[in-house]
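One structure is given below, encoded as structure tokens.
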Amino acid sequence: AGAARLTIFDVDRSKADRLVETVKRGYPAVPVSLGAADPTGHNLVVNCTPLGMKPDDPLPLQAEKLEAGTVLVDIAIDQGGCFETSRATTHAEPSFVLDGIVHYCVTNMPGAVPRTSTLALTHATLPCVLRLADCGSSEACRQDPGLAAGVNVQAGRVLHRAVAEALQTRRSSDRARD
């Protein structure tokens, strides 16, 4: 079992290139290539992007080209999903078929493997937690631009555009980011 081939597409070409290289290193036997937004001929389409979640967002792929029998997985369903046809499902009833497309839109997907997902989350976040504990937030963010980029609110100031919009408040211009 496994993938016969894997095509990766991202609206950010450099992210797609990095992901292709990462997958090739981890799974050298699987043919991996950079693709386009056209899902024609694919059996499985997994969307991991928040694009398409707001009315004016472009979809991350050409949804009208999905073919009957394709399985569509919407990872962004916890935030409302990104396809018009997505609707939240559960682990008990994980999928539905609409227009011949099989939709898998389970909320809290990591809940199916709680121990594994907790270990993965802990592995990913513990270095940041330790840096914050050792240095304090200002110094930790100065040392780690990735950590700083994840700060949405600081000292009562909303820094992230989407968070400000969701809270219907103004975004601080100090270190503001999209």
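In the chain, helices alone account for a calculated mean residue ellipticity at 222 nm of -9500 deg cm²/dmol, with every DSSP H run of four or more residues adding -39,500 (n - 2.57). Using C-alpha pairs below 8 Å separated by at least 6 residues, the relative contact order for region 46-151 is 19 percent.
Size of region 123-178: Rg and Dmax of its alpha carbons, in Å, are 12.2, 34. On a C-alpha basis, how far is the centre of region 111-135 from the centre of region 1-52 in Å? Whole number, if you could? Value for the Cα centre distance between the two parts: 26 Å. Candidates F96, F83, Q143 compared by Cα position along the dipole of region 64-144: farthest toward the positive end lies Q143, with charges placed on Cβ. The mean sequence distance of close C-alpha pairs (under 8 Å, at least 6 residues apart), as a share of the length of region 1-90, puts its relative contact order at 24 percent.
Ranking of L147, L59, L121, L72 by solvent-accessible surface, largest first: L121, L59, L147, L72 (1.4 Å probe, protein heavy atoms only, all chains present). For the chain, the solvent-accessible area of protein heavy atoms averages 66 Å² per residue (probe radius 1.4 Å; ligands and nucleic acids excluded). Going by alpha carbons, how many degrees (0 to 90, nearest 10) lie between the helix axis of 114-135 and the longest principal axis of the chain? Once rounded, the angle reads 20 degrees.
Taking only protein heavy atoms and a 1.4 Å probe, the accessible area of the chain is 56% carbon and sulfur.
Across the chain, C-alpha contacts under 8 Å between residues 6 or more apart give a mean separation that, scaled by the residue count, equals a relative contact order of 11 percent. Each principal axis of the Cα atoms in region 1-154 has its own extent, and those three values, largest first, are 54, 35, 34 angstrom. For the chain, the longest principal axis of the alpha carbon atoms and the long axis of helix 13-26 meet at an angle near 70°.
Taking a ≥ b ≥ c as the square roots of the eigenvalues of the alpha-carbon gyration tensor, region 1-71 is classed oblate because a/c is 1.5 or more while a/b is no larger than b/c.
The values are calculated or read from the model by the stated rules, or taken from the named source; none is laboratory data. Keep in mind it's a predicted model, so treat the numbers as computed, not measured. Cβ: placed from backbone, ideal geometry, glycine included. Neighbour counts: every protein chain shown. Remember, those area values only see protein heavy atoms, side chains included, never the ligands or the DNA or RNA. Shrake-Rupley method; radii C 1.70, N 1.55, O 1.52, S 1.80 Å.
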